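The values are calculated or read from the model by the stated rules, or taken from the named source; none is laboratory data. All values reported here derive from a predicted model rather than from experimental measurement. With ideal geometry, Cβ positions are generated from the backbone for all residues, glycine too; neighbour counts draw on all protein chains shown. We work out accessible area using only protein heavy atoms, side chains counted, and drop any ligands, DNA or RNA first. Shrake-Rupley method; radii C 1.70, N 1.55, O 1.52, S 1.80 Å.
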Amino acid sequence: FQNEINEVPFFDVQLPYELALKIFQYLGKAELGRCAQVSRTWKVLAEDEVLWYRLCQEEGYLLDMSISDHSCWKLALKNCRAREHMLKTNWKNRVGAVSQLRYEPGRVLCDVHCCDGVVMAGYTSGEVRLWDTRTWDYTAPVLAAVAGPGGAGAPPHVSFVRINSSLAVAAYEDGTVSVWSLLLGQEPIHHFQHNQHIQALALAPGGSAVATASGFQVKVESPDDRGFWQTPATFEIQKLVNFLNLVPDVTGSPVAVAAAEDIVYLLKAEDPGRILHSVYGQPVTCLDVAAHEAAFGIKTFGWLLNEPNQILLYNLETNQCVTKVGSSIGDFSCVNLHSSPPNMLVAGNKDRRVRVFDLRRGEAACSVYGHQLGVCAVRMDDWKMVSGGEEGLVCVWDQRMAAKLWEMHARHPVRLVWFNSHSLITANIPEEKNPRGSSITEDDPSLHRKYRGVIYSYEFSVDQLAVDSVLPICRSSYDELTGYNYNIGLAVPYDSI
């Protein structure tokens, strides 16, 4: 019937179908639904695939698909909106499944990083493990390390791990750095050595550059066009680096931002000595970098000069301070700019508060209080915030209501919080890597589980879980809500037996 329509009646005129379609492109979902009730001809026009494909793309659904991939884009949009509503409801009510990504031989967790659901963890045994939570793969392959000289002695502890969509990087206590490709297997593709302890490690989120800080030197490594790794830049700075980040989405040579006590450096190969910010006696307490901006917290003199602690936002192109936000007596302990919505920033403070700042107005849009100790990890999206505290508490907040939705507690401080629309990954990393009194020797495998640290993976898209892909022993079979807190199906062994 649609192919037989050549002209569409618009009140007292007859318009060509293509022209009428252009008029309908300015309508939203509700208007198209009303127009579909006018007549049979208007119904065909209002349900045209081009219109609903455009609406689906405008709302951010199925962006990687073409118009020919679906036979009914109106139904596809309806399903996407229903799934989004279901996920939001599950997030608020904590309905889903939680699993522990465990590595059991008695080693202590040293550092964890995550990218798109792939979790990388380093341990005191020197081993580096990967989990792919997108496929519920509980077998964690070991990334092989470079053998030490002569192969003698125990392997060094892992200091830092970083991962992006293509590379995984680990830095060890003895100053060695190994780089693996996620596409080429478990053997390292690059390896280099520092003479001193590594204080910071950075990996470009979407690139292949690696930056390390050791002593008073910052080194940047990246592959050339043929895949051979080289050192495009080495920077000598005046103080020891506390925080190091690589600027994402940079064309040409990599650009790094380093915070060394009370000085923030913008490290470019063509301008190696650029100081972005420096105020004597005001050390930097946290740092995060986006494509064109850098945000960092500074500790002022406090009550002495009546100056509260603040977060400064600098433009990396003009090297100028754009805005100053925050007015807190406590130190800002963590800040997240890169993964926050546009013109927004979320920060955690040692005064146990999580604050969301609107950078356009230069003031706090939301401030919530609920941790027992300082906040050490934060992340946010359009409607919620997730924070982790030094006491081991993970809190999920509703930004609009400024209210806590739910919380989970573990023994050690929360050093990693990462989430997307349907999953949440948190890591509780111990401060003490060699607990006294827990074992006789350092490499005793009988180290108690409570000292090791733990990684949690939460999945809220319960309707998407294939029953066969999860071991029955790892999922509770109870259907009733009695005895369960917030309806979550915890990993209770032998529930299905």
Which one of these does GLU31 not meet: (1) of a type in the set (D, E, K, R); (2) assigned to a helix (DSSP H, G or I); (3) modelled with pLDDT under 90?
(3)
Single match in VAL44, VAL8 (criterion: in a strand (DSSP E or B) and open to solvent by less than 60 Å² (accessible area, probe 1.4 Å)):
VAL8
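How many residues, within segment 180-225, are among the β-branched types (Val, Ile, Thr) and under 12 Å from VAL241 (Cα atoms)?
Going residue by residue through segment 180-225, those that are among the β-branched types (Val, Ile, Thr) are 189, 198, 210, 212, 218, 220.
Those left that are additionally under 12 Å from VAL241 (Cα atoms): 198, 212, 218.
Summing the residues that are among the β-branched types (Val, Ile, Thr) and under 12 Å from VAL241 (Cα atoms) in segment 180-225 gives 3.
Within segment 393-422, which residues are small (Gly, Ala, Ser), in contact with a strand residue (DSSP E or B) (Cβ under 9 Å, 6 or more places away or on another chain) and surrounded by fewer than 19 Cβ atoms within 10 Å (Cβ to Cβ)? Quick ask: steps written out before the conclusion?
Taking segment 393-422 first, the residues small (Gly, Ala, Ser) are 402-403, 410, 421.
Of the ones still in play, those that are also in contact with a strand residue (DSSP E or B) (Cβ under 9 Å, 6 or more places away or on another chain) are 402-403, 410.
Hits for segment 393-422 are ALA402, ALA403.
Residues in segment 368-389: is at least one within 23 Å of CYS114 (Cα to Cα), in contact with a Pro (Cβ under 6 Å, 6 or more places away or on another chain) and either outside any strand (DSSP E or B) or open to solvent by 10 Å² or more (accessible area, probe 1.4 Å) (or both)? Lay out the reasoning, then the answer.
Here is the first cut: in segment 368-389, the ones within 23 Å of CYS114 (Cα to Cα) are 374-389.
Filter once more, keeping what is in contact with a Pro (Cβ under 6 Å, 6 or more places away or on another chain): 376, 382.
Now restrict to residues that are either outside any strand (DSSP E or B) or open to solvent by 10 Å² or more (accessible area, probe 1.4 Å) (or both): 376, 382.
Yes, that holds for at least one residue.
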Quick one: count up the residues across segment 45-80 that are in contact (Cβ under 8 Å) with a residue 12 or more places away in the chain and either charged (D, E, K, R) or touching a strand residue (DSSP E or B) at 6+ places or on another chain (Cβ under 9 Å) (or both).
7
Residue check, ALA364 open to solvent by less than 10 Å² (accessible area, probe 1.4 Å) and assigned to a strand (DSSP E or B)
no
Take segment 28-58 and flag every residue that is of a type outside the set (A, V, I, L, M, F, W, C) and in contact with a helix residue (DSSP H, G or I) (Cβ under 7 Å, 6 or more places away or on another chain).
LYS29, GLU47, ASP48, GLU49, TYR53
Just give me the residues in segment 248-264 being open to solvent by 10 Å² or more (accessible area, probe 1.4 Å) and out of contact with any Ser or Thr (no Cβ under 9 Å at 6 or more places or on another chain), in sequence order.
ASP249, VAL250, THR251, GLY252, VAL255, GLU261
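For segment 220-228, does any single residue satisfy the condition of being more than 25 Å from SER166 (Cβ to Cβ) and either in contact with a helix residue (DSSP H, G or I) (Cβ under 8 Å, 6 or more places away or on another chain) or of a type in the set (Phe, Trp, Tyr) (or both)? First the steps, then the outcome.
Of segment 220-228, the ones more than 25 Å from SER166 (Cβ to Cβ) are none.
No, segment 220-228 has no match at all.
Inspect segment 129-138 for any residue being open to solvent by less than 10 Å² (accessible area, probe 1.4 Å) and aliphatic (A, V, I, L, M) and give the result as yes or no.
At the first step, the residues of segment 129-138 found to be open to solvent by less than 10 Å² (accessible area, probe 1.4 Å) are 131.
Going one step further and asking which of them are aliphatic (A, V, I, L, M), we end up with none.
No, the conditions are met nowhere in segment 129-138.
Residues checked against (1) basic (Lys, Arg); (2) at pLDDT below 90; (3) not assigned by the TED database to the domain that holds ALA410:
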site: GLN37; (1), (2), (3): no, no, yes
site: ARG40; (1), (2), (3): yes, yes, yes
site: TYR61; (1), (2), (3): no, yes, yes
site: SER68; (1), (2), (3): no, yes, yes
site: LEU101; (1), (2), (3): no, yes, yes
site: ALA121; (1), (2), (3): no, no, yes
site: GLY126; (1), (2), (3): no, yes, yes
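Pick from LYS350, LYS404, LYS324, LYS384: which is in contact (Cβ under 8 Å) with a residue 60 or more places away in the chain and of a type outside the set (A, V, I, L, M, F, W, C)? Spell out the reasoning first.
On the way: LYS350 fails: in contact (Cβ under 8 Å) with a residue 60 or more places away in the chain; LYS404 fails: in contact (Cβ under 8 Å) with a residue 60 or more places away in the chain; LYS324 fails: in contact (Cβ under 8 Å) with a residue 60 or more places away in the chain.
Only one candidate passes the filter, namely LYS384.
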